[in-house]
1. Could you tell me which numbered condition D122 fails, if it satisfies all but one of (1) surrounded by fewer than 23 Cβ atoms within 10 Å (Cβ to Cβ); (2) within 15 Å of M172 (Cβ to Cβ); (3) touching a Ser or Thr at 6+ places or on another chain (Cβ under 7 Å)?
2. Just checking, which of L88, L104 is within 16 Å of ligand 1 (Cβ to nearest atom) and either over 28 Å from N198 (Cα atoms) or in contact with a strand residue (DSSP E or B) (Cβ under 8 Å, 6 or more places away or on another chain) (or both)?
3. Could you tell me whether G22 is out of contact with any Ser or Thr (no Cβ under 8 Å at 6 or more places or on another chain), assigned to a loop (DSSP other than H, G, I, E, B), at pLDDT 95 or above and away from ligand 1 (no atom under 14 Å from the Cβ)?
4. Which of (1) hydroxyl-bearing (S, T, Y); (2) within 27 Å of E80 (Cβ to Cβ); (3) in contact (Cβ under 8 Å) with a residue 24 or more places away in the chain; (4) surrounded by fewer than 17 Cβ atoms within 10 Å (Cβ to Cβ) is the odd one out, the single condition S149 does not satisfy?
5. So V115 clears everything in (1) in a helix (DSSP H, G or I); (2) among the hydrophobic types (A, V, I, L, M, F, W, C); (3) away from ligand 1 (no atom under 16 Å from the Cβ) except one condition, right? Which one?
6. Being in contact with a Cys (Cβ under 9 Å, 6 or more places away or on another chain) and of a type in the set (G, A, S) is the filter here; which residues of the range 61-97 pass it?
Amino acid sequence: MRDSTSKAMAGPRPVVFSGPSGAGKSTLLKKLIKEHENVFGFSVSHTTRNPRPGEENGRDYHYVTREAMQAAINNGEFIENAEFSGNLYGTSKAAVQAVQAKNLICILDIDMQGVKNIKKTDLNPMYISIQPPSMEILEKRLRDRNTESEESLRKRLHAANVDMELSKEPGMFDVVIVNDNLEDAYKNLKQALLEEINKVKKTKTSS
Ligand SMILES: Nc1ncnc2c1ncn2[C@@H]1O[C@H](COP(=O)(O)OP(=O)(O)OP(=O)(O)O)[C@@H](O)[C@H]1O
Ligand SMILES: Nc1nc2c(ncn2[C@@H]2O[C@H](COP(=O)(O)O)[C@@H](O)[C@H]2O)c(=O)[nH]1
């Protein structure tokens, strides 16, 4: 059944970011939101994984127990949810509504299962894939980030292989950005979003 939550949500077209864990989604998104804080807002997902050093509850994620999250899912509070690397992740309707209520472009950072599930809803976002230059570089970035156990690293690299194959499916993404040099990738990302950024800026200056 299609989720019609977004029908009630007004505002600019959301943007979904996906790509293998470690590809650089958060790095690019943080830069984008910092530079355009009156244009973009982050959809704060729920997760059952533990916070990493430096992460903040309510800003990076809502950190919850599996029981609480499963109960909220059963209660119809999520647009999409997925199991990734042994934990639950999900986008709540409230998270997206909170951003759209401020007339900002809502950014979702979700895995490939999330992309597939969002495609069954009426959210109608732009889909952007952030890809690593190679699997070797991806593994190095994940190891150097120092956030994963060997077990989690293995699961994430396995998911990355599947993800990189699926992302080649025609029509899966509107834009694919290879994050090799960070500044080049960021420039390409801003170029891909330029039209949407200008639309939002225009509505803000005319109101
Ligand atoms: N272009 C780049 N060159 C070198 N290192 C990078 C680049 N982009 C990101 N990194 C580093 O790679 C690591 C992974 O990046 P990041 O955490 O942004 O990935 P992610 O896609 O958000 O991962 P996850 O899905 O697990 O949250 C970080 O330590 C980050 O500093
Ligand atoms: N389907 C969803 N995937 C999500 C959501 N929030 C984050 N993610 C994805 O999970 C992995 C791992 O994230 P990490 O922070 O533990 O490294 C990554 O691919 C995210 O894009 C969500 O709400 N739904």
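1. D122 satisfies all of (1) surrounded by fewer than 23 Cβ atoms within 10 Å (Cβ to Cβ); (2) within 15 Å of M172 (Cβ to Cβ); (3) touching a Ser or Thr at 6+ places or on another chain (Cβ under 7 Å) except (2).
2. After ruling out the rest, the residue left standing is L88.
3. So G22 fails the test.
4. (3)
5. Against the list (1) in a helix (DSSP H, G or I); (2) among the hydrophobic types (A, V, I, L, M, F, W, C); (3) away from ligand 1 (no atom under 16 Å from the Cβ), V115 comes up short only on (3).
6. Of everything in the range 61-97, just one residue is in contact with a Cys (Cβ under 9 Å, 6 or more places away or on another chain) and of a type in the set (G, A, S), namely A95.
The values are calculated or read from the model by the stated rules, or taken from the named source; none is laboratory data. No experiment lies behind these values; they were computed from the predicted model shown. So basically every Cβ, Gly included, is an ideal-geometry build from the backbone, and we count neighbours across all protein chains shown.
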